[in-house]
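The next block holds one structure in the form of structure tokens; read it before the comments.
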Amino acid sequence: MQTPIVVYVNGTKAGELDVLKEIMAQDVVEVRYFEPAKAQDEFGQDHNGGAIVVKRLEGVRKPPPTPPAR
């Protein structure tokens with residue numbers, strides 16, 4: 001089993017890679033990837049898969065939920 005990459009959004013731990021699907025590209029200011037060793041130094045030992053840090057524009061709303069398929 002592969003160790004997941006942890007995602008942070010505006011300084012808050014948000015989850016794993018699937019969180020990135022919820023972020024609209026036009027709301028992103030910066031994205032940084034931390035390799036596992038650097039992620040562990042920055043965020044702690046539970047970051048064996050590395051980390052992605054996303055900075056979003058302040059005051060951005062989440063996109064509306066996708067309606068269920070029929």
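Cβ separations smaller than 8 Å between residues 6+ apart or across chains give the following pairs from region 6-27 residues that are under 15 Å from His47 (Cβ atoms) to residues that are open to solvent by 90 Å² or more (accessible area, probe 1.4 Å) and in a loop (DSSP other than H, G, I, E, B): Val6/Glu16; Val6/Asp46; Val7/Glu16. Give just the number: which of (1) open to solvent by 90 Å² or more (accessible area, probe 1.4 Å); (2) touching a residue at least 12 places away in the same chain (Cβ under 8 Å); (3) over 13 Å from the mean Cα position of the chain (by Cα) does Thr3 not satisfy? Of the numbered conditions (1) open to solvent by 90 Å² or more (accessible area, probe 1.4 Å); (2) touching a residue at least 12 places away in the same chain (Cβ under 8 Å); (3) over 13 Å from the mean Cα position of the chain (by Cα), the odd one out for Thr3 is (1). Scanning region 33-57 for residues being touching a residue at least 12 places away in the same chain (Cβ under 8 Å), open to solvent by 40 Å² or more (accessible area, probe 1.4 Å) and part of a loop (DSSP other than H, G, I, E, B) gives a total of 4.
The values are calculated or read from the model by the stated rules, or taken from the named source; none is laboratory data. Just so it is clear, the model here is predicted, and its values are computed rather than measured. Backbone-built Cβ (ideal geometry, glycine too); neighbour counts: all protein chains shown. Protein only, heavy atoms only, side chains kept; ligands, DNA and RNA dropped before computing areas. Shrake-Rupley method; radii C 1.70, N 1.55, O 1.52, S 1.80 Å.
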